[in-house]
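The values are calculated or read from the model by the stated rules, or taken from the named source; none is laboratory data. Just so you know, these numbers come straight off a predicted model, no measurement behind them. So basically every Cβ, Gly included, is an ideal-geometry build from the backbone, and we count neighbours across all protein chains shown.
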Amino acid sequence: MADLDEGGPRVPFTRSPSHLAAASGPVLELRDVVVRYGAATAVAGVSLQVGEGEAVTLLGANGAGKSTLLRAISGLVPLGGGAIRYGGRDLARVPGYRRARSGIAHVPEGRRVFSSFSVRDNLLMGAYSQGQGVEARLGEVYERFPILFERRGQLGGSLSGGEQQMLAIGRALMSGPRLLLLDEPSLGLSPIAITQVFEAIRRVREEGVSMLLVEQNSTLALEVADRACVLRTGKVVLEGASQAIKSQDKLLRAYLGSPGRDKAGGKENGKEVVPSQ
Ligand SMILES: Nc1ncnc2c1ncn2[C@@H]1O[C@H](COP(=O)(O)OP(=O)(O)OP(=O)(O)O)[C@@H](O)[C@H]1O
Ligand SMILES: [Mg+2]
């Protein structure tokens with residue numbers, strides 16, 4: 001099997017999306033992906049794509065399978081069925097650490113910064129390609145998140161929730177990702193911190209990094225993302241352009257509520273595809 005190209009091509013985050021327009025094929029393609037935890041099926045046949053430079057948001061109620069899907073993409077849980085292709089290559093036999101090296105960066109739920117390491121060391125741990133590029137990348141991350149520069153000598157654990165989320169995103173950016181997987185970046189943050197974190201996400205997105213964004217805050221997520229996929233009990237039940245999904249407010253709220261609570265407007269097992277205007 002051909003190796004993933006671990007040296008690049010990456011998307012330096014100073015590059016504009018126009019450089020990406022000519023790229024062919026999606027960055028990420030999931031086909032009928034199934035993930036099981038023992039006898040329980042958490043993801044039950046999900047197909048979706050993320051194009052080059054595109055941001056897709058994955059919405060859904062608690063337990064819908066969103067985090068599990070991100071874990072399957074980054075190789076933290078094994079596939080129970082289906083296929084994941086990244087940059088046109090099948091990831092089936094590619095271990096997680098090689099997926100990370102090839103440009104898939106995962107910012108997990110709950111941030112997970114190293115609390116007894118300094119901010120700077122946390123960032124350096126995100127850099128896969130060691131060498132002279134690292135200092136430049138560090139500079140870019142500090143430029144994007146001036147607060148991390150100010151706090152660079154401080155321990156990760158002493159940062160506020162919003163600062164820790166920025167650190168987690170900054171650490172992911174240190175690897176020069178081509179695909180950023182973000183799991184609930186707004187979770188547990190104050191409204192001001194959410195605004196700041198989403199402003200940072202928007203800038204990363206504008207610079208052309210492809211993104212799969214899991215969020216419970218659908219309003220914010222739909223503002224940032226080009227397209228949305230709604231998961232319910234492990235299946236895609238609604239998908240379309242963010243603008244179109246936004247206009248389906250009632251249906252969206254029904255799907256984002258607790259499973260089985262409100263079935264208004266949606267199909268039970270089918271997938272609703274909302275056409276773009
Ligand atoms: N390690 C695990 N072992 C067993 N079951 C798990 C495990 N992790 C998740 N699950 C189950 O898989 C299903 C999907 O969980 P997942 O964490 O992917 O949902 P989610 O959409 O991210 O939810 P949330 O919005 O609460 O984060 C749930 O029923 C959950 O209980
Ligand atoms: Mg989750």
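Summary of computed values
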{"item": "Odd one out for residue 190, checked against (1) among the hydroxyl-bearing types (Ser, Thr, Tyr); (2) surrounded by 14 or more Cβ atoms within 10 Å (Cβ to Cβ); (3) within 26 Å of residue 57 (Cβ to Cβ)", "result": "(2)"}
{"item": "Number of positions in segment 36-55 that are of a type outside the set (Ser, Thr, Tyr), within 15 Å of ligand 1 (Cβ to nearest atom) and in contact (Cβ under 8 Å) with a residue 12 or more places away in the chain", "result": "7"}
{"item": "Scan of segment 206-221 for residues that are surrounded by fewer than 21 Cβ atoms within 10 Å (Cβ to Cβ) and either more than 18 Å from residue 108 (Cα to Cα) or in contact with a helix residue (DSSP H, G or I) (Cβ under 6 Å, 6 or more places away or on another chain) (or both), ordered by number", "result": "206, 207, 219, 220"}
{"item": "Condition met for residue 173 (crowded, with 21+ Cβ neighbours inside 10 Å, away from ligand 2 (no atom under 16 Å from the Cβ), touching a residue at least 12 places away in the same chain (Cβ under 8 Å) and under 28 Å from residue 87 (Cα atoms))", "result": "yes"}
{"item": "Qualifying positions in segment 177-203 - within 13 Å of ligand 2 (Cβ to nearest atom) and touching a Phe, Trp or Tyr at 6+ places or on another chain (Cβ under 8 Å)", "result": "185, 186"}
{"item": "Answer residue from segment 40-67, given it is more than 11 Å from residue 234 (Cβ to Cβ) and within 11 Å of ligand 2 (Cβ to nearest atom) and is surrounded by the fewest Cβ atoms within 10 Å (Cβ to Cβ) among those", "result": "62"}
{"item": "Hits in segment 177-236 (condition: over 16 Å from residue 161 (Cα atoms), part of a helix (DSSP H, G or I) and among the polar types (S, T, N, Q))", "result": "218, 219"}
{"item": "All positions within segment 65-108 that are within 16 Å of ligand 1 (Cβ to nearest atom) and either in contact with a Phe, Trp or Tyr (Cβ under 6 Å, 6 or more places away or on another chain) or assigned to a loop (DSSP other than H, G, I, E, B) (or both)", "result": "65, 75, 76, 77, 78, 79, 80, 108"}
{"item": "Options 76, 70; residue that is crowded, with 19+ Cβ neighbours inside 10 Å and within 16 Å of ligand 2 (Cβ to nearest atom)", "result": "70"}
{"item": "Residue check for residue 85: crowded, with 16+ Cβ neighbours inside 10 Å, at pLDDT 95 or above and within 16 Å of ligand 2 (Cβ to nearest atom)", "result": "no"}
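Residue-wise test of (1) among the aliphatic types (A, V, I, L, M); (2) in contact (Cβ under 8 Å) with a residue 40 or more places away in the chain.
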| residue | (1), (2) |
| --- | --- |
| 76 | yes, no |
| 108 | no, yes |
| 112 | no, yes |
| 116 | no, yes |
| 123 | yes, yes |
| 156 | no, yes |
| 163 | no, no |
